[in-house]
Structure formats: structure tokens, C-alpha cells
Amino acid sequence: MILDADAAAIAGRPDVTMTAPGARPYVDVAGVGKTYRRAGRETHALESIDLAIRSGEFLAIVGPSGCGKSTLLRIVAGLVGASRGDVRVEGARVDRPQTNLGIVFQSPVLLDWRTALDNVLVQVELRSLDPKAYRDNALRLLDQIGLKDFADRYPYELSGGMRQRVVIAMALVMNPALVIADEPTTALDVTIQAQILELLRELQQKFGTSILLITHDLGVVAETVSRVIVMYGGEIVEEAPVGELFARSHHPYTEGLLAAMPHVGQERDRLATIPGSVPPPTMWPNGCRFHDRCPYAWERCVAEHPPLYQIGEHHISRCHLAEEPERRAHPHEPAAAKAGA
Ligand code: ADP
Ligand code: MG
């Protein structure tokens with residue numbers, strides 16, 4: 001949920017994301033693609049992703065379900081191999097699960113027979129480190145996410161939201177240099193979401209932790225993250241510092257996403273929605289993958305796959321409007337809406 005005043009403040013924020021020129025990115029993803037092959041079917045989940053995460057950067061990835069967000073995250077974490085391209089962390093090629101990494105998954109898994117505190121310390125023990133050395137940090141984290149009185153409780157005594165928070169503490173307890181979180185707050189109420197984002201921001205500021213956060217709700221993270229990557233159909237379609245994205249979104253999918261963000265006092269069912277649905281990744285359309293849902297699409301968008309155009313200094317967009325901006329003045333009903341999809 002985001003207030004109009006907040007949106008204005010975010011839009012007006014100076015871009016502070018970029019580090020000194022020449023600084024090597026902490027994570028460097030180059031030309032990464034992923035094709036899943038299962039039962040003779042090919043799913044093109046990711047297509048030539050280029051992405052650099054700098055030390056201490058707080059980056060959000062947004063996009064519809066099935067656009068490849070979790071796949072990208074698992075590849076960066078070294079849990080899934082890329083079909084094409086190269087992932088480097090601190091210059092070293094990622095070809096196995098990364099150690100200096102905290103991962104928060106979408107569905108929390110805890111050990112039933114251990115208390116919340118001992119669950120938080122599992123990773124420490126798995127790495128043959130002394131849990132006593134991390135106990136204070138674990139307790140402090142539990143305190144910060146509102147579980148001070150639950151350290152000695154067992155998972156079955158905790159609500160789903162509490163278990164999710166234990167998993168977050170688990171990922172953070174060793175002060176990893178990179179935190180990767182896959183929609184960590186989706187199931188949580190707004191107050192807890194804010195606490196968790198605050199905790200992540202604090203880590204980032206205190207320890208220079210790099211954070212890659214997948215979210216379905218841009219409104220929730222808008223004030224926390226520095227840069228946003230928008231994905232659609234296995235590709236990056238727009239990338240910009242958060243203030244720039246709110247002030248001058250370029251890609252029509254992003255535009256639709258921002259228009260659909262709930263504002264205070266607005267009913268859910270009155271929100272703008274994007275017509276149609278994401279095509280299955282076994283059969284991408286030619287041209288732009290968003291063209292049949294796009295209110296500006298013209299012949300070129302059906303025929304020619306758009307590259308990532310440079311829109312501003314740190315702003316890129318995969319949309320031909322970059323070259324023919326006058327067409328934005330004449331929106332029409334998207335093909336998907338006409339088809340009644
Ligand atoms: P997101 O996280 O954005 O929802 P995913 O990365 O989970 O997207 O999935 C991208 C596409 O890859 C989807 O079509 C999904 O069905 C497919 N996919 C994901 N994991 C696998 C897998 N292990 N085997 C086959 N297909 C998969
Ligand atoms: Mg996912």
C-alpha cells in the first residue's frame with residue numbers, strides 16, 4: 001500500500017544507487033538463459049539476462065508469475081545451473097551453491113524438533129561453525145522481527161507468518177554479503193512486512209550487504225530499494241533507479257503495473273488491470289512478448305523483438321516506443337482485450 005504523497009516523494013528522490021565508476025559489481029550476470037526440459041517439453045524460462053548488483057545495493061525484481069524471477073534467483077544462488085551465460089560473484093564463477101549468501105525462500109521449511117532459536121542456528125551448524133558465537137545475533141534478529149518471546153517455541157507453536165520470519169532470521173544470522181529473498185513478505189501482514197524491509201535496509205546500511213529481493217508488490221518496497229528490475233516473459237523489460245521508475249516508467253507493462261498499484265482510499269476492483277495473460281514460455285510470440293496486451297503496439301511490435309533501449313543514464317526499456325515516442329499519444333484497445341482474453 002502506498003500513499004500518493006509517498007509516491008510523489010519517491011518519484012522526486014535523487015538517484016543514489018550508483019557507485020563509483022569502475023567499481024566491480026558484486027554479482028555479475030552475463031547473457032544468462034535457462035531452458036527447462038521436462039518430458040520432451042522445453043520451457044524457455046529465461047532469455048539472455050544481463051544484471052550487475054553492486055556491493056551494498058538493494059535491488060528489487062518485479063514481474064508477473066512465471067516470468068522467471070525465481071529461476072534467476074536460484075541461478076545466482078548457484079542452486080540451479082544456467083543453460084547459457086555466466087554468473088560471477090566477486091569475480092568468481094558460480095558453479096555451486098554459494099556460501100556467503102543468505103537465501104529466503106517463498107515457502108519456509110523449519111525443523112519440527114528444534115526451537116525457533118535453534119532453527120535460526122541450523123546454517124551455522126551445517127557449516128561446522130560454533131553456534132554459541134552466533135547466539136546473540138540470532139536472539140537480536142528474533143527480537144527485531146517481533147519474535148523476542150518465541151525463541152524457545154517449536155515450529156508447531158508458531159503461526160505461518162512467524163515461521164516465515166524465523167526463516168528470514170535464519171538467512172541473516174551469519175551476516176551474509178549477499179541476501180537473496182524470494183517474495184519473503186508475501187504472506188505477512190503490512191506491519192510485519194515493513195519490519196522485515198526495515199531489517200534488510202539496516203543490514204544493507206550497516207554491513208554493506210547486497211540485497212536482491214523478488215516482490216510482487218512494488219508499493220511495499222518502493223521506499224526501501226534503490227533500483228528496480230522489471231521482468232516479463234523471461235526477459236528484463238525495464239530497469240531504473242526506483243525514483244526514476246516511478247516518475248518516468250517507460251515500458252507499457254511497467255506502466256500498467258504502476259497503474260494497478262493500490263493507493264489509499266481506492267477500491268481493489270476499481271484498479272486498472274492489464275488485459276490478457278502471460279503466454280506460456282513454450283510458445284513466445286514473435287516480436288515483443290507483451291505486444292498483444294499493449295495499448296500502443298503497432299506492426300513493428302508484432303514483427304520485431306525490441307532490444308533494451310537506453311532511456312536515461314541508468315534507465316533502459318525493451319520497447320520500440322523509445323524510437324517512436326509519438327505513438328504513445330494514441331493508445332488503443334490491446335489485441336488481447338479485443339479477443340476477449
Ligand atoms: P516466477 O518466479 O517469476 O513465477 P519461475 O522462475 O518460477 O517464475 O518460472 C519460470 C517458468 O519456468 C515457468 O513457466 C515455470 O513453470 C517454469 N519452471 C520453473 N521451474 C521449473 C522446473 N524445475 N522444471 C520445469 N519448468 C520450470
Ligand atoms: Mg517465483
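Does Val94 satisfy being more than 16 Å from ligand 2 (Cβ to nearest atom), within 20 Å of the chain's Cα centre (by Cα), of a type outside the set (Asp, Glu) and more than 21 Å from Ala194 (Cα to Cα)?
yes
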Before we move on, is Ser70 within 16 Å of ligand 2 (Cβ to nearest atom) and polar (S, T, N, Q)? yes
Select from the range 220-242 the residues that are touching a Pro at 6+ places or on another chain (Cβ under 7 Å) and away from ligand 1 (no atom under 16 Å from the Cβ) and write down the one among them that is nearest to Thr35 (Cα to Cα). Arg227
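Only residues that are basic (Lys, Arg) and either crowded, with 19+ Cβ neighbours inside 10 Å or within 17 Å of the chain's Cα centre (by Cα) (or both): list them for the range 33-51, please. Before you say what the answer is, go through the steps one by one.
Initial filter on the range 33-51 (basic (Lys, Arg)): 34, 37-38, 41.
Listed by number, the list holds a single entry, Lys34.
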Of those in the range 177-196 that are closer than 16 Å to Gln144 by Cβ and modelled with pLDDT of 85 or more, the residue farthest from ligand 1 (Cβ to nearest atom) is Val179
Could you identify the single residue in Ala336, Ala322 that is within 21 Å of Ser48 (Cβ to Cβ) and touching a residue at least 60 places away in the same chain (Cβ under 8 Å)? Ala322
In the range 87-105, the residues that are surrounded by fewer than 16 Cβ atoms within 10 Å (Cβ to Cβ) and either assigned to a loop (DSSP other than H, G, I, E, B) or aliphatic (A, V, I, L, M) (or both): Glu90, Gly91, Ala92, Asp95, Arg96, Pro97, Thr99, Asn100
Just checking, does the range 155-170 include any residue being surrounded by fewer than 22 Cβ atoms within 10 Å (Cβ to Cβ), in a loop (DSSP other than H, G, I, E, B) and modelled with pLDDT of 90 or more? yes
Which pairs do you get when a residue that is on the phi > 0 side of the Ramachandran plot, found in the range 264-293, comes within reach of a residue that is at pLDDT below 75 and not hydroxyl-bearing (Ser, Thr, Tyr), reach meaning Cβ atoms under 6 angstrom, with the pair 6+ apart or on two chains? Gly276/Ala341
Residues of the range 197-225 being under 12 Å from the mean Cα position of the chain (by Cα) and modelled with pLDDT of 90 or more, which ones? Ile211, Leu212, Leu213, Ile214, Val225
Restricting to the range 290-309, count the residues that are under 20 Å from Lys69 (Cα atoms) and at pLDDT below 95. 0
Would you pick out the residues in the range 197-219 that are away from ligand 1 (no atom under 16 Å from the Cβ) and touching a helix residue (DSSP H, G or I) at 6+ places or on another chain (Cβ under 9 Å)? Leu197, Glu198, Leu199, Leu200, Glu202, Leu203, Thr209, Ser210, Ile211, Gly219
Of the residues that sit in the range 70-86 and are among the aliphatic types (A, V, I, L, M) and in a helix (DSSP H, G or I), which one is farthest from ligand 1 (Cβ to nearest atom)? Val76
Of all residues in the range 191-235, which are more than 16 Å from ligand 2 (Cβ to nearest atom), part of a strand (DSSP E or B) and not polar (S, T, N, Q)? Ile211, Arg227, Val228
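Taking into account only those residues within the range 282-319 that are within 16 Å of ligand 1 (Cβ to nearest atom) and surrounded by fewer than 21 Cβ atoms within 10 Å (Cβ to Cβ), which is nearest to Pro334 (Cα to Cα)? Outline the logic, then answer.
Restricting attention to the range 282-319, the residues satisfying the condition of being within 16 Å of ligand 1 (Cβ to nearest atom) are 282-285, 289-290.
Filter again for surrounded by fewer than 21 Cβ atoms within 10 Å (Cβ to Cβ), leaving 282-285.
Working: Thr282: 22, Met283: 19, Trp284: 17, Pro285: 15 Å.
Checked the range 282-319; the qualifying residue nearest to Pro334 (Cα to Cα) is Pro285.
Does Ala60 satisfy the condition of being modelled with pLDDT of 90 or more and surrounded by fewer than 20 Cβ atoms within 10 Å (Cβ to Cβ)? Before you say what the answer is, go through the steps one by one.
Numbers: modelled with pLDDT of 90 or more: yes; surrounded by fewer than 20 Cβ atoms within 10 Å (Cβ to Cβ): no.
It is false that Ala60 is modelled with pLDDT of 90 or more and surrounded by fewer than 20 Cβ atoms within 10 Å (Cβ to Cβ).
The values are calculated or read from the model by the stated rules, or taken from the named source; none is laboratory data. Values in this document were obtained by computation on a predicted structure and should not be read as measured data. No Cβ is skipped: glycine too gets one built from the backbone with ideal geometry, and neighbour counts run over all protein chains shown.
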